[in-house]
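Single-structure report; data block below.
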Amino acid sequence: MLFYNAPNPAPNPRRVRILLAEKGVSVPMTDISIPTGELRSEAFLAVNPLGQVPALQLDDGEVLTETVSICRYFDALHPEPPMFGTDPLDSARICMWTRRVELRLGTPLSMIWQHTHPFTARVVQQHKEFGETNRPKLHEAMRFVDGHLDGREFLASDCFTIADIALLTIIDFAGFIDEPIPGDMPHLKAWHDRVSARPSAQA
Ligand SMILES: N[C@@H](CCC(=O)N[C@@H](CS)C(=O)NCC(=O)O)C(=O)O
């Protein structure tokens, strides 16, 4: 197999790398450069016509995309430690929090990135006023998560899971685009310090 990766700060491929690091698994990887437009190259579009990373090409040529699907595949191949839950309710909670993180934090963050940031101004038509309307949505979602983390070590379960991985990569990408954790969110900040201290966070 071959994992099509992009280096930091790209948050989606990093999620897969963190999951693999937690499991102590390494797979062949190749880096695709986002800034140089390699995602739109003929060679890469032949791998993923959607022009996004991550992508995982299997030995028979089939290509998996969508970060959580790739993570789920690796979790099934290498079940320890489990990242998607250990019983029906645990799995459902992890799925719920992963979706909440992606939709409530990831979506406004992506809109801020696409519509306000100078890096993306070169490649997309920006609607700055729309982009700015997403900042309060991001902060509201961060506050929701902050409240939930009061008294909890991890976001969705009693151990580190894909929900924590999703949140970590989104919070770090938010920091990269000048949207750090606001100072009045101590539980989110403490959780971030804890999970950032895990060796896998270096991935
Ligand atoms: N839904 C996809 C999103 C992947 C994604 O947005 N990847 C970013 C890099 S972190 C990308 O390829 N961006 C370039 C683009 O969308 O044109 C997934 O979950 O894997």
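The values are calculated or read from the model by the stated rules, or taken from the named source; none is laboratory data. Computed from a predicted structure; not experimentally measured. Each accessible area value is taken on the protein alone, full model and side chains, heavy atoms only, with ligands, DNA and RNA left out. Shrake-Rupley method; radii C 1.70, N 1.55, O 1.52, S 1.80 Å.
Quick notes on this one:
- If you take the Cα centroid of segment 165-203 and the Cα centroid of segment 102-119, the two points sit 16 Å apart.
- Just so you know, the Cα atoms of the chain work out to an Rg and Dmax of 17.0, 50 Å.
- Accessible carbon and sulfur surface of segment 88-202 relative to its total accessible area, %, 1.4 Å: 57 percent
- Per residue, the accessible area of segment 2-77 comes to 49 Å², computed with a 1.4 Å probe over protein heavy atoms only.
- Of 19, 168, 103, the residue with the greatest mean-square motion in the GNM of the chain, using alpha carbon springs below 10 Å, is 103.
- Of the DSSP H helices in the chain, those whose Cα atoms cover at least 20 Å axially and whose Kyte score averages 0.0 or more: 162-176
- Taken as Cα centroids, segment 61-76 and segment 132-151 sit 29 Å apart, rounded to the nearest whole angstrom.
- Of the beta bridges in the chain, as assigned by DSSP with both residues counted there, near 65 percent are antiparallel.
- Listed residues 102, 22, 42, most fluctuating in the chain (Gaussian network, C-alpha, under 10 Å): 42
- Cross-link partners of residue 128 among aspartates and glutamates (Cα-Cα below 19 Å; sequence separation of 8 or more within a chain): 178, 179
- Partners for residue 189 among lysines (Cα-Cα distance below 22 Å; same-chain residues under 8 apart left out): 137
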